Amino acid sequence: MAKRSYMNERQQAFFHRRLLTLREGTLRTMEDLQASLRATVREPDEVDQAAQEEEQRLVLRALDRDTHLLDKIDAALRRLATGEYGYCLETGEPIGIERLLARPTAEYAIDAKTRRETVERHYRDERRR
């Protein structure tokens, strides 16, 4: 694809709709998860209570994950508004339509993301020693 046709108005409108749809779906999921937490009735049996607490822990993890996703969606929408969407935050190069279709919140081109993950893994391994 020619550089000048990358992230043209049509593509920007497409990803804007896609991000808004993803945002709405994420908010609905979060509302459902919050409702399930509010509907929890304390179980008198210790085994049932332990199972319920584990389920609540999983719901809270899902809420945390969705909160982070919502932040990424909002950041992508801001980048879209400023014309920075679709370009790697590290290199400034196009991320690529295929990658954005798979992950509309992508901030890095695949090579840059791979490098970042390698560095993160290295530091994580160093801390464990």
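The values are calculated or read from the model by the stated rules, or taken from the named source; none is laboratory data. Everything quoted here is computed from the prediction, not taken from an experiment. Cβ: placed from backbone, ideal geometry, glycine included. Neighbour counts: every protein chain shown. Surface accessibility is based on the protein's heavy atoms, side chains included, excluding ligands, DNA and RNA. Shrake-Rupley method; radii C 1.70, N 1.55, O 1.52, S 1.80 Å.
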* Of these, Ala75, Ala112, which one is open to solvent by less than 50 Å² (accessible area, probe 1.4 Å), within 18 Å of Met7 (Cα to Cα) and of a type in the set (A, V, I, L, M, F, W, C)? -> Ala75
* **For Arg79: the one exception among (1) in contact with a strand residue (DSSP E or B) (Cβ under 9 Å, 6 or more places away or on another chain); (2) touching a residue at least 60 places away in the same chain (Cβ under 8 Å)** => (2)
* Asked: Do any residues in the range 94-113 that are touching a residue at least 24 places away in the same chain (Cβ under 8 Å) have Cβ atoms under 7 Å from those of residues that are among the basic types (Lys, Arg) and open to solvent by 70 Å² or more (accessible area, probe 1.4 Å), where the two are at least six apart or on different chains, and which pairs are they?
  -> Pro104/Arg18; Thr105/Lys72
* Asked: Out of Glu126, Glu98, Glu120, which single residue is closer than 28 Å to Arg17 by Cα, open to solvent by 30 Å² or more (accessible area, probe 1.4 Å) and out of contact with any His (no Cβ under 8 Å at 6 or more places or on another chain)?
  -> Glu98
* Asked: Among (1) under 17 Å from the mean Cα position of the chain (by Cα); (2) open to solvent by 20 Å² or more (accessible area, probe 1.4 Å), which single condition is Thr105 missing?
  -> (2)
